[in-house]
Amino acid sequence: MDSNTYITLFIEEAKEHIQILNDNLLKLETANENNEPLNEVFRAAHTLKGMAGTLGFEKITNIAHAMENVLDDIRNHKMEITGPTIDILLECTDAMEALVQDILELGGEGPRDIKKLLSKLNQSGDSFTNNASSRLDPGVLKLDEYQSNIINAGIHQGLIPYWVEITLRPTCLLKAARAYIVFQTLEKFGEIIKTLPQVQDIEEERFEDTFGMLLLTQEEETAIRRRLDLISELQSIKIDKLPYGLEGEGNAGSTDLSEATDSIRESTTVKQRIPQDRTRIQTRSIRVDTEKLDNLMNLVSELITIKNTLVDITEESTDPSIKESMEYLARITNGLHDAVTKVRMVPIEMVFSRFPRVVRDLSKNTKKEIVLDIVGAETEIDRTIIDEIGDPLIHLLRNAVDHGIETPDQRIKVGKDPVGRIELKAHHDGNNVVIIVEDDGHGINLKKIVNKALQKGLISDESVDNLEVQDIINLMFHPGFSTAGSISNISGRGVGMDVVKTKVESMGGTIDVTTQEGMGSRFTIRLPLTLSIIQALLVEVVGEIYAIPLNSIQEILDISVFMIKKFESQETIQYNGRLLPLVRLDEVLDANTTRKQQAQNMKVVVVKKGDRQFALSIGNLIGQQDIVIKTLGKYLSSIKMISGATILGDGRVALILDINHLI
């Protein structure tokens, strides 16, 4: 494996540990009585330090080491967890994330200056004192009666109790591994009765550079020291013979040393067992390059195309064996498609996990108190959508913080909790994933939107009275539209909501908005689970075949032309007690044809776009089929009504209609 491979692995794992730092620092800020977030932060910082030090990335190593010192002071109750301390630690996390990005783009850490950051850490407390120089005091060893009996029984059999204290070099990166070698070496001489700190703390590297062990052996000090001198990265070795009569000593009696030490071996060999268990767990999953998954999906897509071709070829065959083989091929192909799709599925938590930090920073900037609740982070979605959905969600969260949630004073005046609440939820709904961003703020000011739209000339004075609530809300998504009074680093330029709508619709999704004045707003994004292979309804319009995504279709109807009525110059049909706009596909698609004689009956497909429904008039109905989406390329990207194309079994090309842009 070359160095580039090591760097690639480092970048992947470093990003995971940086996310752990972000998540647990936020937990530490709100629940500082719980030690687990503190331990997680400490472990992540230590692991980053070791990984970066191994590859020679000194800046990341120095930042992580300085964080360790501060965290150790917090753990030892030398410092308190305060807002400014968390701010500094989060700033360190951001700095390491930037350095990792530099490594990705430049191959090295780059010219970033971290001296000011290290100085801030230094000023946050006496975190740079070298605790390694202080000696452990064996007098604090409080042996229980069981351990004291073992010591006394050993002394009566001619064994000697030694206090062995090891100080590692400050440059030692893998302290737990070095301590494990010391344990293994000393166990060859006798039994380790007790350690300071405890074995678990040593295994998890919850110590500075010094640790000690109470060893019961018949060997002389010189022999023990000679063997320990062979271990590298030990700065000092201190071996003291303990006097008879330890604190907590019990009466010497019939305690059998050989039987009693079995449990001691059990506790001191935990270090050896844990890596074996972890290795066994880790082998259940592997890292796979996303390009390989994309290639696999492309191959499955081609297989589906060939399957459709064979189905068309054998459709008129009367041979039962051929039909049976084709049914079996169809089952295998569909199963393979489902399996590959599941492999590409990743939890949406990969996106959601970075938002608590975003909301925290925004709430501080706006001087608002906001809590972000995340529900359904385990919901799985295709990797390609994961890569795209982050930006729209950030814009919605920024909008909720800046425009939705009121200041604490304003909330108290209207009888609300001074702490605002934003909910980020995700769940599956059939072949779609639904993402909801909801806040309990003051809601959308519809009058303010109308006034702003009039100023910009987006609507006329005459059309204001005819606007429905949904029409007013849709104005928010117009490019350059903003109701902010001034431009800030959060909002005001009118690009956020436009980006959200454009990005969501480019992924074949929809966005709906509901709001209630004084109560809050809800933004609902509905996306397909995958963007590669979809189920579609094939229809024929004036001799051309088009595909309509099945997830947007509600019903297929046969209607009489006499059911078509005009309402305000728009053709409509009656459907479930309401009027639906009728869209004639041959006219919208500019099909070069003339109707010689209009038939008495026609087929329409009822489709849904958000909360809106409308009917599409089609020619002939071909049927349902799994289709592979092919992009149109950059030269045809301006054709908004067409989202892509697919190759049919007979080799013909069918265009895929984009429901979002048909009306």
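Laboratory data are not the source of any read-out in this text; all were calculated from the coordinates shown. Fair warning: this is a prediction, and the values are worked out from it, not measured in the lab. Reconstructed Cβ throughout: ideal geometry from the backbone, glycine too, with neighbour counts over all protein chains shown.
R0 = 45 Å: FRET efficiency of GLU378 with LEU557, Cβ-based, nearest 0.05? Spell out each step's value before the answer.
Values: r = 39 Å, r/R0 = 0.87.
The calculated FRET efficiency here is 0.70.
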At 0.36 nm per residue, minus the direct Cα-Cα distance, what do ASN431 and GLU468 gain on full extension? Give it in nm, one decimal, please.
-> 10.3 nm
Name the residues of the stretch 327-364 whose amide N is less than 17 Å from a point 7 angstrom out from the Cα of ILE11 along the C-beta direction?
-> none
Which value, in debye to the nearest 20, gives the size of the charge dipole of the stretch 3-129 about its Cα centre, when Lys and Arg are +1 and Asp and Glu are -1 at the Cβ?
-> 300 debye
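Would you list ASP417, ASP409, ASP102 from fewest to most Cβ contacts within 10 Å?
Starting with the residue having the fewest Cβ neighbours, the order is ASP409, ASP417, ASP102.
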The simple spin-label model distance between GLN570 and VAL588, using points 7 Å out along Cα→Cβ, in nm, is 1.2 nm
Structure shown: which of LYS452/LYS609; LYS307/LYS630; LYS59/LYS175; LYS368/LYS456; LYS447/LYS565; LYS292/LYS640 lie over 23 Å apart, alpha-carbon to alpha-carbon?
-> LYS452/LYS609; LYS368/LYS456; LYS447/LYS565; LYS292/LYS640
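Only counting other Cβ atoms within 10 Å, I'd like SER560, SER617 sorted with the fewest neighbours first.
In order of increasing Cβ crowding within 10 Å: SER560, SER617.
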Fully extended, how many nm does the chain gain between GLN624 and ASP387 (0.36 nm per residue separation, minus their Cα-Cα distance)?
-> 82.4 nm
For the stretch 349-528, what does the alpha-carbon gyration tensor say about shape, rounded, prolate or oblate, given a ≥ b ≥ c as the root eigenvalues, a/c under 1.5 as rounded, and a/b over b/c as prolate?
-> oblate
Most exposed first, judged by fewest Cβ atoms within 10 angstrom, ILE444, ILE639 run ILE639, ILE444
Difference of contour (0.36 nm per residue) and Cα-Cα distance, GLU369 to ARG226 = 45.3 nm
